[in-house]
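Colleague: Dropping the structure in here first, questions after.
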Amino acid sequence: MRNGSSGRIKTIGGAAPRKRIRASVIRAAFSALLLAAAALSALAVHLATRLERERHPATVNDVSGVSLGRLGGGGAARGARTAAAAVHVKASNAQSARQGAAKQPTAPAVASHSEEKKGSNGAGAARAAAATSRTQSVGDGNAAAKAAYAHSQKHLPYPDGPKTDPKYAKDRVYCMVPFVWNAEMYTVIMQTWGKRCNVIHFLADAEVLVGGKMQGDVVTGGGYKHHSELPAGTFPENVIFVNMTRPWRGCTDPKTNETKVCRHIWEKMWRSWVYVGDHHLDDAEWFCKVDYDTFFFPENLQYFVRDAKGWDAYNEHHYFGHVLYQHADRPPFAAGAAACWSRKTLKGIVHVYKNMPKGHTGQDRKRCEDRKGASEELGTSMCLLKGLNVSARPMVDERMREYVTVDPVHNVLTWNRTEQGEWWFWKGKPKNRGQLDDCCSVRPMGFHKYKKREEIERLDQQFYGPANNKALEDVVKQVRNVADKPRVRAYFGKVRRAMGIDK
């Protein structure tokens with residue numbers, strides 16, 4: 001049958017219907033594939049969301065709206081503890097923090113997953129490989145840190161663990177270490193003085209250095225990642241990350257032009273104490289901020305508050321340490337090396353910090369407020385005085401000897417007020433404050449400015465190792481003046497005897 005003048009034959013029930021059937025089948029198959037792809041996409045989104053939650057399950061908010069995130073091994077256990085503490089969880093906070101960090105134009109950044117996707121396949125793959133390599137190096141470097149934390153949980157007897165004398169049952173010590181994540185320093189602290197705290201937490205900035213090296217405050221190489229971008233279990237469980245409005249990265253030493261840590265320590269301090277007060281108030285009676293480069297003696301803090309003073313942490317306000325008086329127009333303050341307060345004072349100051357003005361960018365107004373560039377010590381003393389009417393109390397013994405040194409102890413043992421005059425260290429202190437042989441208590445609480453792993457290890461051996469061990473005999477090698485060597489060696493022996501290490 002011809003179809004008009006075209007000469008074509010239209011066959012009913014022949015080839016044309018079969019073509020239409022095949023087209024229908026193809027369209028149906030294509031639709032099925034689209035549905036399958038949509039289902040797989042939804043499944044991928046679900047799995048990615050689930051993985052993200054497992055990687056950083058607990059991001060908690062403080063009252064100012066800036067989050068505190070905690071990350072360690074065992075996400076499920078941490079989530080349970082967080083729920084038990086009635087912590088409000090917001091999964092969006094980690095993403096918000098990363099977006100905020102990305103806006104900072106300073107310092108090299110390790111490519112995030114979203115940045116990798118934006119580039120070409122080759123460039124994105126290269127960035128992904130570099131990021132993966134650096135992430136693996138962080139994980140590998142943290143193995144010793146996690147092992148040190150695990151060892152500290154074995155509840156070993158003193159001096160490999162905290163003192164458990166019944167008379168100190170209500171004098172437990174919480175050690176809070178302000179930190180920029182550094183696996184080497186974390187590990188040596190946990191292997192030495194940190195294991196003698198009843199509780200120790202490292203309050204670290206949310207961004208971590210990846211693939212570089214940090215020696216003291218100097219940063220060499222590497223890039224930066226938000227902690228939540230690293231695999232679950234990267235960090236020990238007693239590391240708590242603080243999302244700051246002012247990042248620690250991006251500063252340069254004007255003298256050496258080296259990259260260094262930015263010192264936004266006042267914001268770090270008040271945010272950290274708000275977290276501790278909200279979540280760990282019942283874990284201890286005495287709460288101490290300890291610099292990472294301070295060698296700390298928790299048992300001598302217990303001796304001071306119980307045996308020397310008989311203080312009540314629950315019903316009395318106390319704020320104490322090495323008190324300096326160098327600013328005539330400011331209240332005296334406890335030096336940041338190691339400063340402590342009672343449970344009652346912590347509870348009160350948390351309320352003050354939550355309600356003080358935030359974000360001031362101008363000059364110092366001598367107020368209790370969050371301010372860029374503010375001093376941690378002056379901010380603390382101002383808020384305590386104005387908010388709670390609490391002043392810093394000097395931590396000295398009956399012979400007016402300091403429990404905390406602001407410099408390495410072998411140096412302080414040589415400081416002579418008569419010869420040196422009234423420089424900032426002596427300015428405003430009572431004239432009978434100890435010096436030379438009588439500078440320092442034989443039950444010290446802290447020695448400051450030990451920034452290297454080997455220095456902290458050496459101190460631990462010098463004060464807790466066997467009698468006449470090599471490290472103890474090396475004490476005098478650090479002393480320049482030959483006349484001062486016997487004084488320094490004798491002091492270390494006095495401390496060991498006073499603490500009962502040497503009978």
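The values are calculated or read from the model by the stated rules, or taken from the named source; none is laboratory data. Predicted model, so just to flag it, every value in this text is computed and none were measured. For neighbour counting, all protein chains shown are included, and Cβ atoms are generated from backbone atoms with ideal geometry for every residue, glycine included. What goes into the accessible areas is simple: the full protein's heavy atoms, side chains included, and nothing from ligands, DNA or RNA. Shrake-Rupley method; radii C 1.70, N 1.55, O 1.52, S 1.80 Å.
Colleague: What are the residues in the stretch 418-445 that are over 21 Å from T294 (Cβ atoms) and aliphatic (A, V, I, L, M), if any?
Modeller: Result: L436, single match.
Residues checked against (1) buried (at least 17 other Cβ atoms within 10 Å of the Cβ); (2) touching an Asp or Glu at 6+ places or on another chain (Cβ under 7 Å); (3) assigned to a strand (DSSP E or B):
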{"site": "M400", "(1), (2), (3)": "yes, no, no"}
{"site": "D407", "(1), (2), (3)": "no, no, no"}
{"site": "W426", "(1), (2), (3)": "yes, no, no"}
{"site": "K429", "(1), (2), (3)": "yes, no, no"}
{"site": "K451", "(1), (2), (3)": "no, yes, no"}
{"site": "E457", "(1), (2), (3)": "no, no, no"}
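Colleague: Take the stretch 425-442 and flag every residue that is out of contact with any helix residue (DSSP H, G or I) (no Cβ under 8 Å at 6 or more places or on another chain) and on the phi > 0 side of the Ramachandran plot.
Modeller: Passing the criteria: only G428.
Colleague: Among the residues of the stretch 286-301, which ones are open to solvent by less than 10 Å² (accessible area, probe 1.4 Å) and among the hydroxyl-bearing types (S, T, Y)? Lay out the reasoning, then the answer.
Modeller: Of the stretch 286-301, the ones open to solvent by less than 10 Å² (accessible area, probe 1.4 Å) are 286-290, 293-301.
Passing the criteria: only T294.
Colleague: Among the residues of the stretch 344-367, how many are at pLDDT 95 or above and either over 21 Å from the mean Cα position of the chain (by Cα) or open to solvent by 70 Å² or more (accessible area, probe 1.4 Å) (or both)? Before the answer, list the steps.
Modeller: Start the filter on the stretch 344-367 by keeping residues that are at pLDDT 95 or above, which leaves 344-356.
Right, trim to either over 21 Å from the mean Cα position of the chain (by Cα) or open to solvent by 70 Å² or more (accessible area, probe 1.4 Å) (or both) and you get 344-345, 347-348, 351-352, 355-356.
Matching residues across the stretch 344-367 total 8.
Colleague: Which of the residues belonging to the stretch 302-315 are surrounded by 15 or more Cβ atoms within 10 Å (Cβ to Cβ) and either over 28 Å from the mean Cα position of the chain (by Cα) or charged (D, E, K, R) (or both)? Before the answer, list the steps.
Modeller: Of the stretch 302-315, the ones surrounded by 15 or more Cβ atoms within 10 Å (Cβ to Cβ) are 302-306, 308, 311, 313.
Residues satisfying the conditions are R306, A308, W311.
Colleague: Right, another one. Would you mind stating whether V442 is among the aliphatic types (A, V, I, L, M) and either farther than 26 Å from M176 by Cα or outside any loop (DSSP other than H, G, I, E, B) (or both)? Let's see the steps before the verdict.
Modeller: Details: among the aliphatic types (A, V, I, L, M): yes; either farther than 26 Å from M176 by Cα or outside any loop (DSSP other than H, G, I, E, B) (or both): no.
For V442, the condition - among the aliphatic types (A, V, I, L, M) and either farther than 26 Å from M176 by Cα or outside any loop (DSSP other than H, G, I, E, B) (or both) - is not met.
Colleague: Right, another one. Considering the stretch 473-503 alone, what residues qualify as being touching a residue at least 24 places away in the same chain (Cβ under 8 Å), surrounded by 15 or more Cβ atoms within 10 Å (Cβ to Cβ) and assigned to a helix (DSSP H, G or I)?
Modeller: V475, D484, R487, V488, Y491, F492, K494, V495, R496, A498
Colleague: Here is a further query. Please determine whether any residue of the stretch 474-488 is modelled with pLDDT of 95 or more and either under 16 Å from V409 (Cβ atoms) or of a type in the set (V, I, T) (or both). Outline the logic, then answer.
Modeller: If we filter the stretch 474-488 for residues that are modelled with pLDDT of 95 or more, which is where we start, we get none.
No - not one qualifying residue is present in the stretch 474-488.
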